[in-house]
Amino acid sequence: MNKPSESNEVGAIQAVGLNLLSYLDFKSTRNETLGDIVRKASGSTAICDLLDVYLINNPKVKKLILVEQSRDIYNSNAYVRYDTKGFNAYTFKDPYSNTFTIVYRGTARGGWIQNGVAFGSSQNNIYYTYKKDNKGRVYIAGKYIVKEHLSTVQAYAVNYFNYNAIKYNWNELYNITVTGHSQGDCNAKLVTLKSPLVDICYGFNGPNFSKETITELQLNKEIYEVQKNKIYQYRTENDQVSIFGYEVVNENQIYYLKGNSLKLDHEIDRMVYVDYDKRGNPKISFNDYKEDRTFFASVLKKYNNILMELPVDIRGAVAIGTMWFAQNYFGRDKSFFNEKVQLWNICLAVVTSGIIIPIALIQAIEYKYGTTTKFIAAILMGFAVVIMIPIISIVLGGATVLGLVSYTIDKITSNGNQFMDIRNGLVKLLTELV
């Protein structure tokens with residue numbers, strides 16, 4: 001069972017507090033202290049209660065100063081406008097040292113589909129080069145386009161980091177921490193792997209990367225190999241998000257925390273609880289450490305392993321289709337990034353999941369209980385297939401069929417090669433599975 005060092009755990013708890021704050025509603029101007037911000041914040045009662053205890057037990061943290069937030073930077077000519085529906089990041093400074101912490105918030109309500117884009121085909125992302133004028137103001141000195149397998153939000157995260165590095169003259173004498181939860185965790189890992197300025201990264205229940213993205217990151221292999229040793233991951237044992245993608249974190253730097261076995265404990269406030277020290281004073285502590293994921297999470301991990309091996313076009317289509325459901329359920333708003341989600345994305349997500357989930361269930365049972373249970377697993381798979389058939393039939397019913405026919409005609413006529421690639425990929429998948 002992996003357990004962090006005492007100093008690492010202390011740093012991670014401080015990072016948890018800043019991540020909790022990012023999920024509250026607050027209006028703040030630059031140079032306000034964390035204590036002042038928390039007093040004015042509103043939102044989840046559970047998070048507010050945890051933050052109150054957190055500040056009582058960490059009086060020095062109250063004095064951290066909020067020096068930047070992504071939604072304000074557009075007021076100068078040094079950045080593009082980022083709406084809070086799409087991307088949120090915050091920068092805190094210790095007033096007594098050259099220590100900065102960047103917090104990347106989890107998925108904003110208009111950014112769910114971006115989680116799927118990150119596992120799909122390459123796209124063009126815009127990056128900026130920043131400079132300072134003789135009055136110390138940051139401005140955009142130029143911009144360039146990179147074709148890569150990162151999402152737009154991930155490119156935002158890199159730009160935000162680079163802006164701060166120029167504005168505050170970061171170098172090796174500064175202590176730079178990055179942290180994030182969920183999508184924010186993924187962004188924090190990304191900037192850590194890209195920049196040697198980052199000293200440590202604390203991530204919580206975030207997804208990983210596609211193999212194409214890892215290949216691109218490894219183009220600067222020296223930085224990649226050094227920086228990956230600075231990433232520490234805290235995950236609840238039954239989290240459904242951190243299982244996605246290929247792992248970049250060292251195995252001995254991943255720590256699993258007890259969760260509620262009846263729920264999917266993804267939220268960061270479910271990773272900690274109010275504990276008491278020997279004097280009876282309240283403090284925030286992590287849940288008990290566990291050996292590994294729960295069985296349910298291991299099924300999802302097997303699902304991920306199969307999904308990640310699909311051809312990139314199909315994998316991306318399935319991921320985007322899946323995140324379309326998340327956007328409509330969790331985001332309950334239009335996507336901020338106006339991604340084009342076709343009907344076939346949604347259909348492919350349902351059909352592919354219907355194929356993969358039973359297979360992942362068999363693999364998880366076999367892994368946990370041995371080959372003697374394979375026959376039982378096969379029976380369970382049969383039941384799973386019987387359950388999935390009517391669900392798939394409904395999804396692929398009336399309106400879906402009509403839409404799919406019209407889309408297929410357009411696809412064959414306008415981009416036959418891509419259509420055939422997807423068809424051949426599905427045939428290959430079914431052949432390998434059978």
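Go through the stretch 268-300 residue by residue and tally those that are surrounded by fewer than 20 Cβ atoms within 10 Å (Cβ to Cβ) and closer than 30 Å to VAL341 by Cα.
Matching residues across the stretch 268-300 total 1.
With the checklist (1) part of a helix (DSSP H, G or I); (2) surrounded by 24 or more Cβ atoms within 10 Å (Cβ to Cβ) in hand, flag the one item LYS221 doesn't pass.
Of (1) part of a helix (DSSP H, G or I); (2) surrounded by 24 or more Cβ atoms within 10 Å (Cβ to Cβ), only one is false for LYS221: (2).
For the stretch 1-38, give me each residue that is out of contact with any helix residue (DSSP H, G or I) (no Cβ under 6 Å at 6 or more places or on another chain), surrounded by 13 or more Cβ atoms within 10 Å (Cβ to Cβ) and without any contact (Cβ under 8 Å) to a residue 24 or more places away in the chain.
The one that is out of contact with any helix residue (DSSP H, G or I) (no Cβ under 6 Å at 6 or more places or on another chain), surrounded by 13 or more Cβ atoms within 10 Å (Cβ to Cβ) and without any contact (Cβ under 8 Å) to a residue 24 or more places away in the chain: ASP36.
Examine the stretch 228-242 for a residue that is loosely packed, with under 15 Cβ neighbours inside 10 Å, without any contact (Cβ under 8 Å) to a residue 40 or more places away in the chain and over 21 Å from LYS211 (Cβ atoms), and state whether such a residue exists.
no
Hey, LYS230 hits all of (1) in contact with a strand residue (DSSP E or B) (Cβ under 7 Å, 6 or more places away or on another chain); (2) closer than 20 Å to LEU20 by Cβ but one; which does it fall short on?
(2)
In this structure, does ASN169 turn out to be closer than 28 Å to LYS93 by Cα and either over 21 Å from the mean Cα position of the chain (by Cα) or touching a residue at least 40 places away in the same chain (Cβ under 8 Å) (or both)?
When the stated conditions are applied, ASN169 passes them.
Of TYR90, TYR74, TYR79, which residue is touching a strand residue (DSSP E or B) at 6+ places or on another chain (Cβ under 8 Å) and at pLDDT below 85? Let's see the steps before the verdict.
Details: TYR90 fails: at pLDDT below 85; TYR74 fails: touching a strand residue (DSSP E or B) at 6+ places or on another chain (Cβ under 8 Å).
None of the other options fit; the residue is TYR79.
Identify the single condition in (1) touching a strand residue (DSSP E or B) at 6+ places or on another chain (Cβ under 9 Å); (2) under 19 Å from THR179 (Cβ atoms); (3) modelled with pLDDT under 95 that ASP269 does not satisfy, given that it satisfies every other one.
(1)
Scanning for something surrounded by 17 or more Cβ atoms within 10 Å (Cβ to Cβ), within 17 Å of HIS181 (Cβ to Cβ), in the same structural domain as TYR202 (by TED's automatic domain parsing) and modelled with pLDDT under 95, does the stretch 55-68 turn up at least one residue?
Taking every residue of the stretch 55-68 in turn, none turns out to be surrounded by 17 or more Cβ atoms within 10 Å (Cβ to Cβ), within 17 Å of HIS181 (Cβ to Cβ), in the same structural domain as TYR202 (by TED's automatic domain parsing) and modelled with pLDDT under 95.
Name the residue, out of ALA165, ALA141, ALA157, ALA188, that is in a helix (DSSP H, G or I) and surrounded by fewer than 21 Cβ atoms within 10 Å (Cβ to Cβ).
Details: ALA141 fails: in a helix (DSSP H, G or I); ALA157 fails: surrounded by fewer than 21 Cβ atoms within 10 Å (Cβ to Cβ); ALA188 fails: surrounded by fewer than 21 Cβ atoms within 10 Å (Cβ to Cβ).
Of ALA165, ALA141, ALA157, ALA188, the one residue that is in a helix (DSSP H, G or I) and surrounded by fewer than 21 Cβ atoms within 10 Å (Cβ to Cβ) is ALA165.
What single numbered condition from (1) touching a helix residue (DSSP H, G or I) at 6+ places or on another chain (Cβ under 9 Å); (2) farther than 24 Å from SER7 by Cβ; (3) of a type in the set (S, T, N, Q) fails to hold for THR179?
(2)
Conditions (1) charged (D, E, K, R); (2) touching a Leu at 6+ places or on another chain (Cβ under 9 Å); (3) at pLDDT below 95, marked per residue:
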{"residue": "TYR163", "(1), (2), (3)": "no, no, yes"}
{"residue": "LYS194", "(1), (2), (3)": "yes, yes, no"}
{"residue": "ASP199", "(1), (2), (3)": "yes, no, no"}
{"residue": "PHE209", "(1), (2), (3)": "no, yes, no"}
{"residue": "THR213", "(1), (2), (3)": "no, yes, no"}
{"residue": "VAL226", "(1), (2), (3)": "no, no, no"}
{"residue": "ASN238", "(1), (2), (3)": "no, yes, yes"}
{"residue": "GLN253", "(1), (2), (3)": "no, no, no"}
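The values are calculated or read from the model by the stated rules, or taken from the named source; none is laboratory data. These numbers were taken from a predicted model, which means no experiment stands behind them. Neighbour counts run over all protein chains shown; Cβ positions are idealised from the backbone, glycine included.
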